[in-house]
Amino acid sequence: MELVVDFAQTFLGQFQKPTLAFLIGGVLIAALGSKLEIPDAIYRFIVFMLLMTIGLKAGIEIRNADLSALLLPAIFAAAIGCAAVAIGRYALAAAPGVKLDDAIATAGLFGAVSASSLAAAMISLEEDGIAYEAWVAALYPFMDIPALILAIVWASMLRGREGGERRTVGIKKIVLDSLRGSAVSALLLGLALGLFARPDSVFESFYDPLFRGLLSILMLIMGMEAYARLAELRRVAHWYAVYALIAPILHGLMGFGLGVVAHHLTGFSPGGVVLLAVMAASSSDISGPPTLRGGIPGANPSAYIGASTSVGTPVTIAICIPLFIALSAVVF
Amino acid sequence: METHKAKKITIVAEKLIQDQIQEILRKAGATGFSIFEGSGEGSRGVHRQSIVSDFSIVKIETVIVDPAIVDAIAEQVSAAYFTNYSCIVYFDDVEVLRAERF
């Protein structure tokens with residue numbers, strides 16, 4: 001009984017955090033028809049800054065870390081990303097009114113990772129004083145790229161079998177495109193700089209202090225965008241919304257489970273387990289959609305982007321982050 | 001001033017396929033093109049400034065004197081992108097100075 005009370009208290013306590021408040025604020029302000037707009041350029045700059053900071057911190061820490069501890073979580077990350085695509089392909093595609101291409105594309109996004117969710121989770125952990133290995137951020141491409149590749153290749157295979165147009169899918173091109181995407185590029189650049197250069201001074205004086213503030217603005221933007229995409233989601237089968245509600249929690253629990261395994265096998269920290277779970281729960285909003293649009297052009301963007309941005313990411317940030325933090329408090 | 005007849009091709013498409021369309025124009029023999037960014041609405045949905053910049057639209061204009069090149073461009077763009085992407089193509093008859101530039 002005490003476990004349940006502890007859990008409930010931690011869970012509810014998360015809702016007062018600024019991260020969530022700004023997200024909800026964004027949704028509300030858009031719903032009320034406000035003309036407030038954060039310019040596109042600022043949004044892109046913020047994503048760069050956040051991922052650069054995460055990458056720098058990870059790179060600086062990897063200098064002193066034991067890299068073999070990264071291997072098992074990396075394998076798990078790839079496994080969850082692919083499993084998410086498989087679940088979506090069978091579960092979502094079976095729903096009435098849902099086309100196969102759209103289902104696989106949506107599953108691909110939910111298998112991939114959202115930078116905003118990762119950043120929000122890191123701040124929540126820091127505020128609660130839960131330690132995590134900074135290199136966990138490096139797991140991002142390990143989950144993101146396999147999920148997107150699997151979705152695109154699978155869709156292409158299924159289309160070929162149905163006698164539809166079978167385009168030769170260049171996996172190398174998809175990997176390169178993903179690695180060149182703005183979010184992953186910033187992360188990898190930060191990682192490289194943290195690892196090989198000595199950016200500690202500029203990290204401590206500039207990047208790190210700005211992190212929370214920039215994240216709050218990003219949450220505001222994500223909230224506004226979530227509301228804006230709602231109109232598109234309404235035009236497609238409501239099963240997408242149902243999937244987008246359940247999938248983050250399901251994938252997150254899978255991630256949490258595997259994270260606990262890693263904890264017992266290689267000493268993966270509780271904070272790391274939460275981050276792995278949140279990465280599994282998150283659905284890509286920025287880098288995933290263009291890759292999928294290029295790889296599965298027949299899929300309807302209103303379905304997969306609407307599902308991810310309007311329901312998936314808010315659920316991940318609002319429900320999954322508090323859920324897994326609370327869960328880690330009782331499990332560890 | 002002496003003017004020459006030419007055709008202006010305007011392609012309004014989603015930003016995602018901008019690079020590919022530019023390739024088609026170059027390969028078909030267009031000497032140049034101009035790109036303008038924008039937003040709008042169509043049968044496939046709304047294209048507005050959003051967090052995913054690839055889904056806003058661009059207007060690509062190119063002026064061509066040789067009608068064969070115009071046909072080649074129209075054919076290739078329509079074959080490649082009309083089915084799955086937001087893309088429209090339309091033509092204007094224009095007059096230009098310095099026909100050798102187009």
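The values are calculated or read from the model by the stated rules, or taken from the named source; none is laboratory data. Worth saying up front: this structure is predicted, and the values here are computed from it rather than measured. Backbone-built Cβ (ideal geometry, glycine too); neighbour counts: all protein chains shown. Accessible surface areas use protein heavy atoms only, side chains included; no ligands, DNA or RNA. Shrake-Rupley method; radii C 1.70, N 1.55, O 1.52, S 1.80 Å.
Structural remarks
- Filter result (of a type in the set (Lys, Arg) and farther than 23 Å from B:ARG48 by Cβ) within the stretch A:193-251: A:ARG198, A:ARG212
- Highlighted here are the helices (runs of 4 or more DSSP H) found entirely within the stretch A:21-135 that include at least 2 residues which are under 18 Å from A:LEU187 (Cα atoms) and of a type in the set (A, V, I, L, M, F, W, C): A:40-62, A:68-91, A:115-127.
- Pairing each residue of the stretch A:167-194 that is part of a helix (DSSP H, G or I) with any residue that is at pLDDT 90 or above and of a type in the set (Lys, Arg), provided the two are 6+ apart or on different chains, yields C-beta distances under 8 Å for A:GLY190/A:LYS57; A:GLY194/A:LYS57.
- Leading residue by the ranking (least open to solvent (accessible area, probe 1.4 Å)) among those in the stretch A:87-107 that are free of Cβ contacts under 8 Å to residues at least 24 places away in the same chain and farther than 15 Å from A:SER302 by Cβ: A:ALA93
- The one condition in (1) within 13 Å of another protein chain (Cβ to nearest Cβ); (2) surrounded by 14 or more Cβ atoms within 10 Å (Cβ to Cβ); (3) at negative phi; (4) touching a helix residue (DSSP H, G or I) at 6+ places or on another chain (Cβ under 8 Å) that B:GLY45 fails to fulfil: (3)
- Evaluation of A:ILE80 against the conditions (1) open to solvent by 10 Å² or more (accessible area, probe 1.4 Å); (2) closer than 30 Å to A:GLY160 by Cβ; (3) modelled with pLDDT of 90 or more shows that the sole unmet condition is (1).
- Contact map, the stretch A:226-243: first residue away from every other protein chain (no Cβ under 12 Å), second residue assigned to a helix (DSSP H, G or I) and open to solvent by 60 Å² or more (accessible area, probe 1.4 Å), Cβ cut-off under 7 Å, separation 6 or more or different chains; the map is empty.
- Selection of the stretch A:178-196 for residues being out of contact with any Leu (no Cβ under 9 Å at 6 or more places or on another chain) and open to solvent by 70 Å² or more (accessible area, probe 1.4 Å) yields A:ARG180, A:PHE196.
- A:LEU148 under 16 Å from the mean Cα position of the chain (by Cα) and either open to solvent by 30 Å² or more (accessible area, probe 1.4 Å) or within 14 Å of chain B (Cβ to nearest Cβ) (or both): no
- Any hit, the stretch B:56-78, residues being open to solvent by less than 20 Å² (accessible area, probe 1.4 Å) and within 11 Å of another protein chain (Cβ to nearest Cβ): yes
- Residues of the stretch A:197-220 that are open to solvent by 40 Å² or more (accessible area, probe 1.4 Å) and closer than 17 Å to A:ALA137 by Cα: A:ASP208, A:ARG212.
Matching residues to (1) open to solvent by 20 Å² or more (accessible area, probe 1.4 Å); (2) more than 16 Å from the chain's Cα centre (by Cα); (3) at pLDDT below 85; (4) under 29 Å from A:LEU71 (Cβ atoms):
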site	(1), (2), (3), (4)
A:LEU118	no, no, no, yes
A:ARG161	yes, yes, yes, no
A:GLU165	yes, yes, yes, no
A:LYS173	yes, yes, yes, yes
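- Selection of the stretch A:42-55 for residues being open to solvent by less than 70 Å² (accessible area, probe 1.4 Å) and not β-branched (Val, Ile, Thr) yields A:TYR43, A:MET49, A:LEU50, A:LEU51, A:MET52, A:GLY55.
Conditions tested, residue by residue: (1) at pLDDT 90 or above; (2) facing another protein chain (nearest Cβ under 9 Å).
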{"residue": "A:GLY267", "(1), (2)": "no, no"}
{"residue": "A:LEU275", "(1), (2)": "yes, no"}
{"residue": "A:ALA280", "(1), (2)": "yes, no"}
{"residue": "A:SER284", "(1), (2)": "yes, no"}
{"residue": "A:ARG293", "(1), (2)": "no, yes"}
{"residue": "A:GLY298", "(1), (2)": "no, yes"}
{"residue": "A:SER308", "(1), (2)": "yes, no"}
{"residue": "A:VAL311", "(1), (2)": "yes, no"}
